[in-house]
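**Student:** Take this structure first; my questions come after.
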Amino acid sequence: MPIAWPPCVRRACNAFDSPFGAHLRSRAVKESYAQLEEIYNRPFFDLIAEARRVHQSHWPGREVQLCTLLSIKTGACSEDCGYCSQSAHHNTDLKPQPLMTTEEILPHARAAKENGSTRFCMGAAWKGVRAGDRRFESVLETVREVSKLGMEVCVTLGQLDDDAARQLKEAGVTAYNHNIDTSPEYYPEIVSTHTFQDRLNTIGSVQRAGMQVCCGGILGMGEAVKDRLRMLEVLAGFDPPPESVPINCLVAIEGTPLEAAQPVDIFELVRLIATARLVLPVSKIRLSAGRTSLTKEGQAFCLFAGANSIFYGDKLLTTPNPGENEDLDLLETLDLSPLAPHSPAGVPVA
Ligand code: SAM
Ligand code: DTB
Ligand code: SF4
């Protein structure tokens, strides 16, 4: 599928500082994909040792960023994303909730800060937002208030245009989460109400507005390894690379088309994280949804191979996440510590 890259999403044609930026020429696409495949298929211990080496050179500390999520508008979404509990197209048990007010949201943000999160991420189950809309104005007001707390402020509201993106940036949003979720080729198998290209267009607006891009995907939706690597190829082609890359394992939800999907093999997850670390050395890699199905040892492997952030708190948007004490115990066992607010360790060594 040809991708019409918005100019600032793609790397400039002559930017060959990384083999993964070279996908604009069809021959280079094959070469860079082939290199990703070569990396992914290295002997397991060679792969994770190399990923660890690269990780330590860019992220020399032992910090893991804790981020708290809050669903500020839940369910009844017009989109048909096959994995999602919040789509109105599926028959899930989820009870829709209207947009929370600023007053309702602020205590959650304050609690997140007190508990040690340095990033507060608000998610809304919308196809997208438009400047001028009453509900969008309310989100802007919330962002203005939350940003006074001094945490990174991330929102994920669906599609944006340049105008809406600019207003979010002005209100104090530091990062916008908008995942590509899988390869361009597999995306239409998962979603029919918008396209992969729509996702890239929104990411272009986010970049032009000067917000950081948080963009990643989901493993375990029936995709092939090739789709996972194509997804990384696209992410590694962003210019600049995404500030953060969430890697979610599908939480299979009853009533969605993917309810019977098989769990992701832990070694495939670790390989993918290690490969992501090698091709996206300065991005924060967030070990995201699905951690309740991973063992402590499995998570430790992911953190060794390059993950340096987790969602913290016992709920993601609508699904469970490990408890806070469980996560703090795990970090302590591994001699890791939560990233402190405004710590230089939160910025990669170039
Ligand atoms: N509506 C917005 C959008 O689509 O970007 C924001 C919310 S959406 C829930 C954010 C991301 O959560 C999705 O792109 C997907 O990567 C992840 N996600 C949603 N449901 C999931 C599930 N059941 N398992 C794993 N990840 C999931
Ligand atoms: C992301 O990639 N994962 C987070 C965040 N970005 C918004 C959301 C995970 C949601 C998991 C399913 C749920 O809780 O509804
Ligand atoms: Fe809606 Fe986002 Fe869920 Fe898709 S992933 S159904 S756009 S909330």
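The values are calculated or read from the model by the stated rules, or taken from the named source; none is laboratory data. As the structure is a prediction and not an experimental result, all values here were calculated from the model. For neighbour counting, all protein chains shown are included, and Cβ atoms are generated from backbone atoms with ideal geometry for every residue, glycine included. Side chains included, ligands, DNA and RNA excluded: accessible areas come from the protein's heavy atoms. Shrake-Rupley method; radii C 1.70, N 1.55, O 1.52, S 1.80 Å.
**Student:** Of all residues being over 22 Å from GLY237 (Cβ atoms) and surrounded by 17 or more Cβ atoms within 10 Å (Cβ to Cβ) in the range 282-297, which is nearest to ligand 2 (Cβ to nearest atom)? Just the residue, please.
**Tutor:** ALA289
**Student:** Could you check, for the range 68-83, whether at least one of its residues is under 21 Å from LYS315 (Cα atoms) and modelled with pLDDT under 95?
**Tutor:** yes
**Student:** Which of the residues that make up the range 149-179 are open to solvent by 40 Å² or more (accessible area, probe 1.4 Å) and in contact (Cβ under 8 Å) with a residue 24 or more places away in the chain?
**Tutor:** Scanning the range 149-179 gives GLU152, GLN159, ASP161, ASP162, ASP163, ARG166, GLN167, LYS169, THR174.
**Student:** As an exercise: evaluate GLY290 against (1) at pLDDT 95 or above; (2) touching a Gly at 6+ places or on another chain (Cβ under 6 Å) and give the number of the one condition it does not meet.
**Tutor:** In the conditions (1) at pLDDT 95 or above; (2) touching a Gly at 6+ places or on another chain (Cβ under 6 Å), GLY290 misses (2) alone.
**Student:** Identify the single condition in (1) within 9 Å of ligand 1 (Cβ to nearest atom); (2) farther than 15 Å from ALA276 by Cβ; (3) hydrophobic (A, V, I, L, M, F, W, C) that ILE180 does not satisfy, given that it satisfies every other one.
**Tutor:** Condition (2) is where ILE180 drops out.
**Student:** Can you pull out every residue in the range 204-229 that is within 16 Å of ligand 2 (Cβ to nearest atom), under 17 Å from ILE247 (Cα atoms) and assigned to a helix (DSSP H, G or I)?
**Tutor:** Correct list: ARG228 only.
**Student:** Checking ASP314 against (1) at pLDDT below 95; (2) crowded, with 24+ Cβ neighbours inside 10 Å: exactly one of these is not met. Which one?
**Tutor:** Looking at each condition in turn, ASP314 falls short on (2).
**Student:** Within the range 236-245, which residues are buried (at least 23 other Cβ atoms within 10 Å of the Cβ) and at pLDDT 95 or above?
**Tutor:** Result: PRO242, SER244, VAL245.
**Student:** Looking at (1) modelled with pLDDT under 95; (2) out of contact with any Ser or Thr (no Cβ under 6 Å at 6 or more places or on another chain); (3) open to solvent by 10 Å² or more (accessible area, probe 1.4 Å), find the lone condition where PRO257 falls short.
**Tutor:** (1)
**Student:** Same structure again: Restricting attention to the range 180-201, report how many residues are in contact (Cβ under 8 Å) with a residue 40 or more places away in the chain and either among the hydrophobic types (A, V, I, L, M, F, W, C) or open to solvent by less than 20 Å² (accessible area, probe 1.4 Å) (or both).
**Tutor:** Total meeting the criteria: 10.
**Student:** Quick one: which of VAL129, VAL139 is out of contact with any Phe, Trp or Tyr (no Cβ under 8 Å at 6 or more places or on another chain) and of a type in the set (A, V, I, L, M, F, W, C)?
**Tutor:** VAL139
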